[in-house]
Amino acid sequence: MVDQRLTPEPQTSDAVLMIRPARFAANVETAASNRFQGTIEGSNSGSGSSSGARTAAADEIAARAAREFDALAAALAAAGVTVHAFAGSRGAALPDEVFPNNWVSFHADGTAVLYPMLAPSRRRERRPELLEELRRRHGYRLARVVDLTRLEERGQYLEGTGSFVLDRVGRIAYACRSPRTHDAALAEFGRDLGYEPCTFDAADRDGHAIYHTNVLLSIGTRFVAFCTEAVRDVAERRRVVERLSAERELIDLSLEQLHSFAGNVLELRAGDSPVIALSATALASLDAAQRRALEAHGELVVADVRTIEAHGGGSVRCMLAEVALPKTVD
């Protein structure tokens with residue numbers, strides 16, 4: 001039962017936080033659990049090489065990723081979404097810093113949450129000072145910070161809105177279990193934020209556990225994009241689908257579309273108008289009926305992020321941390 005005293009949360013946000021990658025690369029520390037991440041010859045992967053040297057190929061990959069980031073940020077801004085873009089780190093190599101939604105989430109009651117992450121290199125992405133930047137420079141009200149990072153000491157991980165997908169209106173946190181998403185950590189998030197966990201198991205086309213829920217599920221205001229086939233247990237699939245589709249149109253995705261990041265989409269707001277951010281790869285994988293269904297729910301904002309997808313194993317939704325904080329009233 002949802003506590004009616006909780007601050008209501010709209011499903012979508014009109015602003016996002018993004019981190020422009022300074023030294024993007026494939027990350028060897030995350031490859032074992034992220035099967036969407038390719039192994040690219042010539043990329044200096046992981047948290048840095050022992051010599052500190054970078055190859056010309058690695059520099060070109062990083063440059064392409066930065067251009068893809070810029071194109072997505074520009075497309076969102078042109079559509080009317082507020083984009084708070086921050087420069088990435090020029091110090092220690094943070095190959096996955098372009099995916100900030102894994103270390104922070106923002107909520108309508110003025111809460112920010114910091115999350116426990118599996119890979120040591122990813123833990124260094126957390127930048128609490130950016131919360132102060134949002135408050136001081138951009139006028140958001142930050143009432144509290146819920147810090148779950150201590151769970152790393154217990155080996156319990158929950159990588160933000162990668163690990164779970166929120167029905168913000170219904171106060172349900174959907175999550176597929178994986179080495180990066182633990183029931184105990186999700187339960188703690190639920191208690192702190194007033195969300196009911198809905199957990200399940202999901203596997204890719206090769207039978208491996210899917211590392212993040214947001215590659216197979218997106219919840220919009222009036223639609224759900226979900227790869228139902230990934231939930232192999234029939235009874236569990238029925239349970240999850242019934243809850244997801246009770247008040248929203250279900251756009252069912254295939255496993256092949258899952259691997260094209262068709263589930264890694266995010267509905268945002270431009271004023272009162274819905275926009276749906278997704279990659280060119282995801283859009284190309286949809287059939288005509290699926291595309292029409294998605295277009296019926298908002299303007300599609302499409303960006304080609306193929307380098308980030310191939311090397312990082314994440315797509316457009318992973319690059320966006322919704323800023324749902326309230327504005328300070330002067």
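Coordinate-derived values only; no laboratory data. What you see is a predicted model; the values in this text were computed from it and never measured. Reconstructed Cβ throughout: ideal geometry from the backbone, glycine too, with neighbour counts over all protein chains shown.
Simple spin-label estimate for residue 6 and residue 289 gives 3.5 nm between the two label positions (7 Å along the Cα-to-Cβ direction from each Cα). For the peptides 316-324, 108-116, the ranking by packing is 316-324, 108-116, with the highest mean count of neighbouring Cβ atoms within 10 Å listed first. Based on every Cα atom in the range 189-330, Rg and the maximum pairwise Cα distance Dmax equal 15.5, 54 Å. Over the range 164-219, the pair-distance histogram of Cα-Cα distances with 10 Å bins from zero comes to 26, 53, 18, 2 percent, rounded to whole numbers.
Cα centroids of the range 87-109 and the range 189-243: 24 Å apart. When the chain is treated as a GNM with alpha-carbon contacts under 10 Å, the residue of 20, 239, 141 showing the greatest mean-square fluctuation is 239. If you average the C-alpha positions of the range 256-330 and of the range 125-188 separately, how far apart do those two centres end up, in angstrom? Each part's Cα centre sits 20 Å from the other's.
Based on Cβ point charges of +1 for Lys and Arg and -1 for Asp and Glu, what charge dipole magnitude is obtained for the chain about its Cα centre, in debye rounded to the nearest 20?
Details: 39 positive and 45 negative charges, 116 e Å.
Rounded to the nearest 20 debye, it is 560 debye.
Measuring nothing but how far apart in sequence close Cα pairs (under 8 Å, 6+ apart) lie, relative to its length, the chain scores a relative contact order of 24 percent. A Gaussian network model of the chain, with springs between Cα atoms under 10 Å, assigns the largest mean-square fluctuation among 153, 132, 247 to 153. Think of the chain as having a plus end and a minus end, set by charges on the Cβ of Lys, Arg, Asp and Glu; of 216, 298, 71, 71 sits farthest toward the positive end of this dipole. Placing R0 at 35 angstrom, the Cβ-Cβ distance between residue 205 and residue 57 gives a FRET efficiency of 0.75 after rounding to 0.05. Any number yet on Rg/Rh for the range 15-322, C-alpha, Kirkwood? Result for the range 15-322 is an Rg/Rh of 0.93. Each principal axis of the Cα atoms in the range 54-195 has its own extent, and those three values, largest first, are 46, 34, 25 angstrom.
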